[in-house]
Amino acid sequence: MHHKNAFRVTCQSFVVLSLLASPLTFSLTARAQTARTAPRLLITQAIDEAKLVTLHGNLRSEANAANDRGRVEDDYAMNHMLLQLQRSPEQEAELDQLIDSLHDRNSPNYQKWLTAEEFGKRFGLAQQDLTVVKGWLESHGFTVNVIYPNGMLIDFSGTAGQVREAFHTEIHQLSVKGQAHIANMSEPEIPAALADAVVGVVSLHNFMPHPANKPHTNYTFSSGGSTYYAVVPADLAKIYNFSPQFSAGISGTGETIVVIEDTNVYSTTDWSTFRSTFGLSGYTSGSFTQVHPGSNCTNPGTNGNDGEAILDAEWASVAAPNAAIELASCADTTTFGGLIAFQNLINGSSPPPIYSISYGECEAENGATANAAYSSAYQQAVSEGLSVFVSSGDEGAASCDADEPYATHGIGVSGFASTQYNVAVGGTDFSDSYSGSNSTYWNSSNGSYYESAKSYIPEIPWNDSCASVLIATVEGYSTTYGTSGFCNSTVGRDDFLTTASGSGGPSGCATGKASTSGVVSGTCKGWAKPTWQSVVGNPSDSVRDLPDVSLFAANGVWGHYYVFCWSDTSEGGTACTGAPSGWSGAGGTSFASPIWAGIQALIDQKKGAKQGNPNPRYYALASSEYGTGGSSTCNSSNGNSVGSTCTFYDVTLGDMDVPCTGTHNCYKPSGTYGVLSTSNSAYQKAYGTATGWDFATGIGTVNVNNLVNNF
């Protein structure tokens, strides 16, 4: 098979209570579980500007001499920078224990969620420390815009000259791939007296995260003509068994799902057109609004990411058609506007319960401070009972090479998705084209809403690349690597040299500083493995592993992709008229994340309460289903004969490996291109599927009806 015309737009406590226990007894027991110490002072010395410490891990790889175009003017505006603060180790341990108990059904703290104000009083910096930090910023001429209620974040504005004077780093103009940027050219420094209270500035540059979607690309199969089985809402409902819940009235009524963006949609009419075309307008409680929360949030208007925004809003609504879909966006500054919007919502008085974030940046490039900022934000969110879903990425295990044709930086994961407090959502494809069973799973004609899927369809990891063993096999190659391997063939080089695929891998550079830019190296360390990430297949590697769950996310390599309405023709969209075969088509974990957020909305409605981090429950259900050796009944490869009681479908065929060059996790015995591998000297693909959990698809995909009922 080959394609042409490729293009891309880019934990626990247990309390036994007597049934005769008085309310007072229960109150005292619960209070004992929440006993706490007041925040202790972290700034105990006078600030001496001559005694400085370096904040390592806050330098972009693009900030180099080759890209440097000189220092910006001193009056260059640096608006809405975020100063990330840190609590004491004792507070951090106490918070994690509390979060565990909030999610433990045997704890008296179960679902006794905090408010933002309560969170700040208990787990933020002491007021005296906040006052000192605020005074220090103002002494350098900065304007303090917001001290967040969580006591962990300060929004401030100033100029490049003030940044140089306070943080001892220059802001320079850069030219990268023909685009103008600005960035700090050295690691920032702060007075040593502040070191215990300050992590750093979340961003001193304007390199923004990338959206996790890949437009539909035209492929031609060498074995014959092209037949496309695009996925529309009714197909999704059939394949993943949403319909019984919809029929029972569980469709997201009363729930709100927030999609986090840094843009508005091009036209809100697109959302309505999508819904009416695909039979969703009958769910009359469903709604779509755009908000720009907070006094420090500027309406971003529309930009090149508006395609991402509309697909997020439309497909979240597919999974929960009666839910309120809220797009929350702020303009980018030196900070990703989506992070500002998210912080403003979770620090508000009534934050919505469910969030989807379809953007990412690899840990090593995101930097230690930004990694800490996302972890801290999600940590607060789950303590408030909020659920956060994040796309794992669209570049295999090579997240530092997103949107590149091949990997050069080795194995790395998204810092947006690698925290302990979010659900990382990976991507799959359907294997019917590989096995030649299209007619088994798709009707030859569409239904009234363009649907044609017959049942659940067996799945493989989404992978467009020449490093895919399945694609190489169909193209007649026994290996993907080496001079005679598929990645070094004419077809492999010309048509499948890409990193486009679902993402996963071990957290490797959440903290510390990479000695080689963009590569897990130096003092890099990953986030610790959470206690709930225990299921057959998950390695004993002591670090957080991605993804947690997956869902269909392909963009057409095997003939399957998503359809969405995006009428911004100036940015690559199409008029949403006529049959949807002429509409925009795409794939990516950008679709999978908002759909999973919608699934969680069904759970929340069924349970009648917000659920915080659903991962502990997902993993408990998967562990019960898979046991110690996996489940042959729930193996995705069974297709339409898979067990009717399965909550998750274990994807065990295929891989998400990608091509590479260089010496970082690249097996290249000969030829120009190798394949990403955990060994440079042997073929250990990064990564293949396995029984139970794996780096390619996590727990696997889902029977929605069973998950909602079993949660």
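Across region 402-421, the qualifying residues are those that are within 26 Å of Phe342 (Cα to Cα) and more than 9 Å from the chain's Cα centre (by Cα), and the one among them that is surrounded by the fewest Cβ atoms within 10 Å (Cβ to Cβ) is Asp403.
Restricting attention to region 273-330, the residues being part of a strand (DSSP E or B) and closer than 15 Å to Ala341 by Cβ number 8.
In region 333-347 there is at least one residue matching the filter, namely being closer than 18 Å to Asp262 by Cα, within 16 Å of the chain's Cα centre (by Cα) and not in a helix (DSSP H, G or I). Just one of (1) at pLDDT below 95; (2) closer than 29 Å to Asn615 by Cα; (3) among the polar types (S, T, N, Q) fails for Ser517. It is (2). Phe342 passes every criterion in (1) touching a helix residue (DSSP H, G or I) at 6+ places or on another chain (Cβ under 7 Å); (2) within 21 Å of Leu95 (Cα to Cα); (3) surrounded by fewer than 24 Cβ atoms within 10 Å (Cβ to Cβ); (4) not polar (S, T, N, Q) apart from (3). Which members of region 576-630 meet the condition of being of a type in the set (Gly, Ala, Ser) and in a helix (DSSP H, G or I)? Within region 576-630, Ser581, Gly582, Ser590, Ala592, Ser593, Ala597, Gly598, Ala601, Ala620, Ala622, Ser623, Ser624 qualify.
Listed by position, the helices (runs of 4 or more DSSP H) enclosed by region 84-197 that each have at least 2 residues that are over 24 Å from Ala50 (Cβ atoms) and among the acidic types (Asp, Glu) are 89-102, 116-123.
Residues in region 222-241 that are touching a Pro at 6+ places or on another chain (Cβ under 9 Å) and modelled with pLDDT of 95 or more: Val232, Pro233.
For region 11-68, which positions are modelled with pLDDT of 50 or more, β-branched (Val, Ile, Thr) and assigned to a loop (DSSP other than H, G, I, E, B)? Correct list: Thr37, Ile43, Thr44, Ile47. Take the conditions on the phi < 0 side of the Ramachandran plot, assigned to a helix (DSSP H, G or I) and surrounded by fewer than 24 Cβ atoms within 10 Å (Cβ to Cβ) and apply them to Asn638. Does it pass? When the stated conditions are applied, Asn638 passes them. Taking helices (runs of 4 or more DSSP H) as the structural unit, those lying wholly within region 428-543 and holding at least 2 residues that are surrounded by 20 or more Cβ atoms within 10 Å (Cβ to Cβ), in the same structural domain as Asn640 (by TED's automatic domain parsing) and not aliphatic (A, V, I, L, M) correspond to 432-435, 490-495. Would region 491-500 turn up any residue that is within 30 Å of Thr577 (Cα to Cα) and out of contact with any helix residue (DSSP H, G or I) (no Cβ under 8 Å at 6 or more places or on another chain)? Within region 491-500, one or more residues are within 30 Å of Thr577 (Cα to Cα) and out of contact with any helix residue (DSSP H, G or I) (no Cβ under 8 Å at 6 or more places or on another chain). Here Pro352 passes the criteria (1) surrounded by fewer than 24 Cβ atoms within 10 Å (Cβ to Cβ); (2) under 25 Å from Cys565 (Cα atoms) except the one numbered (2). Residues in region 345-366 that are farther than 17 Å from Ile595 by Cα and of a type in the set (A, V, I, L, M, F, W, C): Leu345, Ile346, Cys362, Ala364. Whether a residue is surrounded by 24 or more Cβ atoms within 10 Å (Cβ to Cβ), touching a Cys at 6+ places or on another chain (Cβ under 7 Å) and over 16 Å from Gln290 (Cα atoms) was assessed, and Ala364 passes this test. Restricting attention to region 127-170, the residues that are buried (at least 20 other Cβ atoms within 10 Å of the Cβ), closer than 28 Å to Leu345 by Cα and either among the hydroxyl-bearing types (Ser, Thr, Tyr) or not assigned by TED's automatic domain parsing to the domain that holds Ala183 (or both) total 1. Only a single item in (1) modelled with pLDDT under 90; (2) loosely packed, with under 12 Cβ neighbours inside 10 Å is not met by Ala93, and it is number (1).
The values are calculated or read from the model by the stated rules, or taken from the named source; none is laboratory data. Bear in mind that the values here come from a model prediction, so they are computed numbers and not experimental data. With ideal geometry, Cβ positions are generated from the backbone for all residues, glycine too; neighbour counts draw on all protein chains shown.
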